[in-house]
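One structure is given here, and the rest of the page talks about it.
The values are calculated or read from the model by the stated rules, or taken from the named source; none is laboratory data. Note that this is a predicted model, so its numbers are computed, not measured. For neighbour counting, all protein chains shown are included, and Cβ atoms are generated from backbone atoms with ideal geometry for every residue, glycine included.
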Amino acid sequence: SQTIHQWPATLVQPVGSPLSLECTVEGTSNPNLYWYRQAAGRGLQLLFYSVGIGQISSEVPQNLSASRPQDRQFILSSKKLLLSDSGFYLCAWAGLAGGEQFFGPGTRLTVL
Amino acid sequence: ILNVEQSPQSLHVQEGDSTNFTCSFPSSNFYALHWYRWETAKSPEALFVMTLNGDEKKKGRISATLNTKEGYSYLYIKGSQPEDSATYLCAFIPPQGGKLIFGQGTELSVKP
């Protein structure tokens, strides 16, 4: 069966510090991978998605970036965090473009 | 800009009540619509993937309908139970790619 992992579960970082959140999927090949953020009081916002290794589509201009160094690994990064980057970050995978998505446990990021 | 609207934002019902909420989406360029349930401290889980106009899907006491011509989907819960308490998200998928555009969600609270 397929599983999706995210870490860390929670993170408190000072403004201006770097960020690296990791997501890995097991039990499937060539998944579509997604990063979402839920800011306080808002819905889920798609940040990045990837249909293959090295292929990243960015949905929202911001100081975040994403990389997919391996088929089942998706990394969300920032060189310098802003206060507005605080939120709950979810990684998800899907077997088909537009198909049902399966979400990881999420990372709660607080930027102080 | 593709907009997905959900109403109401929140709903408080008594155990045993039946309830429904709405997801509105662009009626042109439709590919699919998803419904997800997001319980507190858990990850969103897919309820339904709907693709055809007139689709009606059911899972236990929960059902959903889809009208792609007028751009709306209804989610119904019959005989609400406290364990139905969650945020219900709909997500619109345009044909251009695999990205999902989420609504803000309807937060349902069922009191025993």
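Could you look through the stretch A:67-112, keep only residues that are touching a residue at least 24 places away in the same chain (Cβ under 8 Å) and among the charged types (D, E, K, R), and pick out the one that is farthest from the other protein chains (Cβ to nearest Cβ)?
For the stretch A:67-112, the residue satisfying everything is A:LYS80.
For the stretch A:81-90, check the following and say yes or no: at least one residue is among the acidic types (Asp, Glu) and over 14 Å from the mean Cα position of the chain (by Cα).
No: zero hits.
A:LEU11: part of a loop (DSSP other than H, G, I, E, B), farther than 25 Å from A:GLY99 by Cα and not small (Gly, Ala, Ser), yes or no?
It is false that A:LEU11 is part of a loop (DSSP other than H, G, I, E, B), farther than 25 Å from A:GLY99 by Cα and not small (Gly, Ala, Ser).
Give the stretch B:13-32 a look and list any residue that's of a type outside the set (Ser, Thr, Tyr), assigned to a strand (DSSP E or B) and more than 13 Å from B:TYR88 (Cα to Cα), or say none.
Hits for the stretch B:13-32 are B:VAL13, B:GLN14, B:ALA32.
Could you check the stretch A:24-45 and list, in sequence order, the residues that are away from chain B (no Cβ under 12 Å), in a loop (DSSP other than H, G, I, E, B) and touching a residue at least 60 places away in the same chain (Cβ under 8 Å)?
The answer is A:THR28, and nothing else.
Condition first: at pLDDT below 95, more than 14 Å from chain A (Cβ to nearest Cβ) and within 16 Å of B:LYS69 (Cα to Cα). Can you find one or more residues in the stretch B:44-51 that meet it?
no
Collect the residues in the stretch A:51-66 that are within 12 Å of chain B (Cβ to nearest Cβ), part of a strand (DSSP E or B) and under 20 Å from A:ASP85 (Cβ atoms), keeping them in residue-number order.
Once the filter is applied, which keeps residues that are within 12 Å of chain B (Cβ to nearest Cβ), part of a strand (DSSP E or B) and under 20 Å from A:ASP85 (Cβ atoms), the stretch A:51-66 yields A:SER57, A:SER58.
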